[in-house]
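*Asks:* Please read through the structure below; I'll follow up with questions.
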Ligand SMILES: [Zn+2]
């Protein structure tokens, strides 16, 4: 048992806009996911970053349209999107199987920060929103308290969630490559 100092996750839940609150499209199909899940997988969209609610809503719609129209998926692939406005935008949510990490879709929550984080981190508001969303999921019983945190690159051949953000993730609680 390692006894090292770890960053503590904030208590409580961040501001989560439901799909209908941000004007997202309803899914065309859905598979229920059994919870609590043992994994949290972190992504970046590798698209445009956003730091206001209106800009983040626009980005969330763009990601959802791409996943539904171009990829032919039932919904946006991620469980949640996070903006640098510090808000969380519901994707498939806590209880639906996602399309973000093959082999892990059925037993993980996939959280994607909007923007590209290869050479810089998401801002503090977005980092705090991700941490808060994880502890929120644990407190509500959707994520196991013994969950393992991973970057997308740990489970799929990809650069996601970007080198700089990935290096930051390594210092977060329960991270295991
Ligand atoms: Zn990813």
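Just so you know, all these numbers are worked out from the coordinates, no wet-lab data involved. This one's a predicted model, so the numbers in the text were calculated from it and none came from an experiment. No Cβ is skipped: glycine too gets one built from the backbone with ideal geometry, and neighbour counts run over all protein chains shown.
*Asks:* For segment 32-169, go through all pairs of different Cα atoms, get the mean of 1/r, take its inverse, and jot down that Kirkwood value in Å.
*Replies:* Numbers: mean 1/r = 0.0687 Å⁻¹.
For segment 32-169, the Kirkwood estimate is 14.6 Å.
*Asks:* Could you list 43, 152 in order of exposure, starting from the residue whose Cβ has the fewest other Cβ atoms within 10 Å?
*Replies:* Fewest to most other Cβ atoms nearby, the residues stand as 152, 43.
*Asks:* Using just the Cα positions, wrap segment 54-105 in a convex hull and report its mean projected area in square nanometres, one decimal place.
*Replies:* 3.7
*Asks:* For the chain, calculate the relative contact order in percent as a whole number, restricting contacts to Cα pairs under 8 Å that are 6 or more residues apart.
*Replies:* On the way: 379 pairs, mean separation 55.0, N = 177.
Dividing the mean separation by the residue count of the chain yields 31 percent.
*Asks:* Tilt of helix 53-65 relative to the longest C-alpha principal axis of the chain, in degrees (0 to 90, nearest 10)?
*Replies:* Its long axis makes an angle of about 70 degrees.
*Asks:* Under a 10 Å cutoff between Cα atoms, tell me which one of 124, 28, 148 has the largest fluctuation in the Gaussian network model of the chain.
*Replies:* 28
*Asks:* For the Cα atoms of the chain, what angle does the longest principal axis make with the long axis of helix 124-139, in degrees from 0 to 90, nearest 10?
*Replies:* Helix 124-139 and the main axis of the chain meet at about 80 degrees.
*Asks:* Among 19, 106, rank each residue by its count of other Cβ atoms within 10 Å, from fewest to most, as a rough exposure measure.
*Replies:* Result, fewest neighbours first: 106, 19.
*Asks:* Rank the residues 52, 20, 108, 135 as a footprinting-exposure proxy: fewest other Cβ atoms within 10 Å of their Cβ go first.
*Replies:* With the sparsest Cβ surroundings first, the list reads 20, 52, 135, 108.
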